[in-house]
Amino acid sequence: QVQLVESGGGLVQPGGSLRLSCAASGIMFDMYTMGWFRQAPGKQRELVGIIMSDGSTNYADSVKGRFTISRDNAKNTVYLQMNSLKPQDTAVYYCNANKNFLNYWGKGTLVTVSS
């Protein structure tokens, strides 16, 4: 059974930092493209960024220079380091694993950026 479990969300002040983690099980983790998506209240889910199996990354323009995705294949875990957080970063953040026609989601973790 495939499981993606996010952790690390919470309340942070504007300008602050958080690191999200996503622990995967039930997949050959190192073969998957791992992604982070987010969904703000009343909005559609959007891509934050992805990290390919070779470690290359791609980010949405809204987070470039502030967010960094990394992966530890030995721990089957992908991370999202978020710096210089803004109120508009408030959302539920979801982990995604994708390989060809296989696509899996975590249940999400809430990030709230507010003073």
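The values are calculated or read from the model by the stated rules, or taken from the named source; none is laboratory data. Since we're looking at a predicted model, the values are computed, not measured. Cβ: placed from backbone, ideal geometry, glycine included. Neighbour counts: every protein chain shown. Surface areas here come from the heavy atoms of the whole protein model, side chains and all, with no ligands, DNA or RNA. Shrake-Rupley method; radii C 1.70, N 1.55, O 1.52, S 1.80 Å.
Data table
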quantity	calculated
Among the residues listed as Met52, Met82, the single one being in contact (Cβ under 8 Å) with a residue 12 or more places away in the chain and open to solvent by 10 Å² or more (accessible area, probe 1.4 Å)	Met52
Members of segment 13-29 that are closer than 16 Å to Asn96 by Cβ and either more than 17 Å from the chain's Cα centre (by Cα) or not in a strand (DSSP E or B) (or both)	Gly26, Ile27, Met28, Phe29
Flag for Pro41 being open to solvent by 50 Å² or more (accessible area, probe 1.4 Å), modelled with pLDDT under 95 and under 19 Å from Ser114 (Cα atoms)	yes
Selection from segment 7-38 of residues that are closer than 21 Å to Ser56 by Cα and open to solvent by 20 Å² or more (accessible area, probe 1.4 Å)	Arg19, Ser21, Ala23, Ile27, Met28, Asp30, Met31, Thr33, Phe37
